[in-house]
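First comes the structure, then the notes that go with it.
The values are calculated or read from the model by the stated rules, or taken from the named source; none is laboratory data. None of the values given here were measured: they were computed from a predicted structure. Cβ: placed from backbone, ideal geometry, glycine included. Neighbour counts: every protein chain shown. These accessible areas exclude ligands, DNA and RNA; they are computed on the full protein's heavy atoms, side chains included. Shrake-Rupley method; radii C 1.70, N 1.55, O 1.52, S 1.80 Å.
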Amino acid sequence: MSTTYGTFPGARPRRLRTTPAMRRMVAEYRLHPSDLILPAFVREGAGEPVPISAMPGVVQHTRDTLRKAAVEAVAAGVSGIMLFGVPEEAKKDALGTAGTDPDGILQVAIRDVKAEVGDELVIMSDLCLDEFTDHGHCGVLDAEGRVDNDATLERYAEMAQVQADAGVHVVGPSGMMDGQVGVIRDALDQTGHEDVSVLAYTAKYASAFYGPFREAVGSSLQGDRKTYQQDPANLRESMRELALDLEEGADMVMVKPALPYLDVLAKVAEAVDVPVAAYQISGEYAMVEAAAANGWIDRERAILETLTGIKRAGANMILTYWATEVARQLG
């Protein structure tokens, strides 16, 4: 029987996919618990955790359950926790003064977590006014109802100081005000907080995927944030924002959301020599959970696939509401 050679492929990439052990051995990217950061909400005055309907499995914590969540994150190997404060509705005002009150809920939460886990977890805080203003915007409004960039920067400088005084390791200015990183860096340095890092929300887009987050923080927003968050159509603009943030002293940079902007994430990661974060936001979480609840996708595989994709695009750190769960699986 004659054999004709050369009619079949000599190169067979499938050889490296034959078994789970082979696939593990040749994997190009691997998730690790230390890649993950847990965003967490703490609600002032809450006697028990408050479920967030649009984010199954995520809650507004009490002070006690927040401490427990921090301990669980440490045990799982998660690297950081990003804290968001939800004040009592009556404490919201036009200037977001609860955000700069040393006894405001976010500052209290920072101290709680610091007392519970010390330096075992990198404690991060959202540095923005939207949770604390009665109009729901990320800054101070002028007489015509527009966000006043420079007046807002003064408030951010105050927020940076009180959060650092509370013991935070990293502040995360998320308001997308021009010059925010530089003002915050100066405020930290001038108040003896040179060691507090700044995680710049460098490319934060005006996304439709923030919807569930508005419930999570009890947002009072009317309208939108398109005048200060980035247009989803723009990429070069992100690179300009990146250059400005680095010039102003950002220690780390972030792209938010993650999955709809993997191209932006990849370009940012390629351009910098500082750590790059990506935030897998509430809408991304909600879509997977909703599809899984309906039996349309394999939940666990989908979670790991999305996170691997974010890492493959260049993220050194990923903020995800699945952080502790996934870290346990990886550990």
- Query: Among the residues of the range 260-269, is there at least one that is open to solvent by less than 10 Å² (accessible area, probe 1.4 Å) and either outside any helix (DSSP H, G or I) or of a type outside the set (A, V, I, L, M, F, W, C) (or both)?
  - Reply: no
- Just one of (1) over 30 Å from residue 146 (Cα atoms); (2) open to solvent by less than 10 Å² (accessible area, probe 1.4 Å) trips up residue 298, so point out which. (2)
- If we keep just the residues of the range 75-107 that are more than 22 Å from residue 282 (Cα to Cα), surrounded by 17 or more Cβ atoms within 10 Å (Cβ to Cβ) and aliphatic (A, V, I, L, M), which is nearest to the chain's Cα centre (by Cα)? 98
- Search result, residues across the range 186-243 that are within 21 Å of residue 124 (Cβ to Cβ), open to solvent by 50 Å² or more (accessible area, probe 1.4 Å) and at pLDDT below 85: 214
- Message: When you check residue 168 against the structure, is it β-branched (Val, Ile, Thr) and open to solvent by 10 Å² or more (accessible area, probe 1.4 Å), yes or no?
- Response: no
- Message: Can you pull out every residue in the range 294-331 that is hydrophobic (A, V, I, L, M, F, W, C), touching a residue at least 24 places away in the same chain (Cβ under 8 Å) and either in contact with a helix residue (DSSP H, G or I) (Cβ under 8 Å, 6 or more places away or on another chain) or in a loop (DSSP other than H, G, I, E, B) (or both)?
- Response: 304, 307, 310, 313, 315, 317, 318, 322, 323, 326, 327, 330
- How many residues does the range 62-76 hold that are closer than 21 Å to residue 328 by Cβ and either in contact (Cβ under 8 Å) with a residue 40 or more places away in the chain or acidic (Asp, Glu) (or both)? 9
- Item | the range 129-149 residues that are free of Cβ contacts under 8 Å to residues at least 24 places away in the same chain, paired with ones that are of a type in the set (Val, Ile, Thr) and open to solvent by 10 Å² or more (accessible area, probe 1.4 Å) (beta carbon under 8 Å, 6 or more apart) | 148/140
- Could you give every pair whose Cβ atoms fall below 9 Å, whose first residue belongs to the range 77-102 and is on the phi > 0 side of the Ramachandran plot, and whose second residue is open to solvent by 70 Å² or more (accessible area, probe 1.4 Å), counting only separations of at least 6 or pairs across chains? 77/32; 77/328; 77/331; 96/134
- Of the residues in the range 240-259, those that are assigned to a helix (DSSP H, G or I), in contact with a helix residue (DSSP H, G or I) (Cβ under 7 Å, 6 or more places away or on another chain) and aliphatic (A, V, I, L, M) come to 242, 259
- Within the range 21-35, the count of residues that are of a type outside the set (D, E, K, R), surrounded by 12 or more Cβ atoms within 10 Å (Cβ to Cβ) and part of a helix (DSSP H, G or I) comes to 3
- Could you check how many residues of the range 148-162 are open to solvent by less than 10 Å² (accessible area, probe 1.4 Å), in contact with a Gly (Cβ under 9 Å, 6 or more places away or on another chain) and either under 19 Å from residue 82 (Cβ atoms) or of a type in the set (D, E, K, R) (or both)? 2
- Message: Condition first: of a type in the set (A, V, I, L, M, F, W, C), open to solvent by 90 Å² or more (accessible area, probe 1.4 Å) and assigned to a helix (DSSP H, G or I). Can you find one or more residues in the range 49-68 that meet it?
- Response: no
- Please go through the range 122-135 and pick out each residue that is at pLDDT 95 or above and either surrounded by fewer than 17 Cβ atoms within 10 Å (Cβ to Cβ) or touching a Lys or Arg at 6+ places or on another chain (Cβ under 9 Å) (or both). 123
- Item | the range 76-114, subset in a helix (DSSP H, G or I), at pLDDT below 95 and out of contact with any Phe, Trp or Tyr (no Cβ under 6 Å at 6 or more places or on another chain), residue nearest to residue 60 (Cα to Cα) | 89
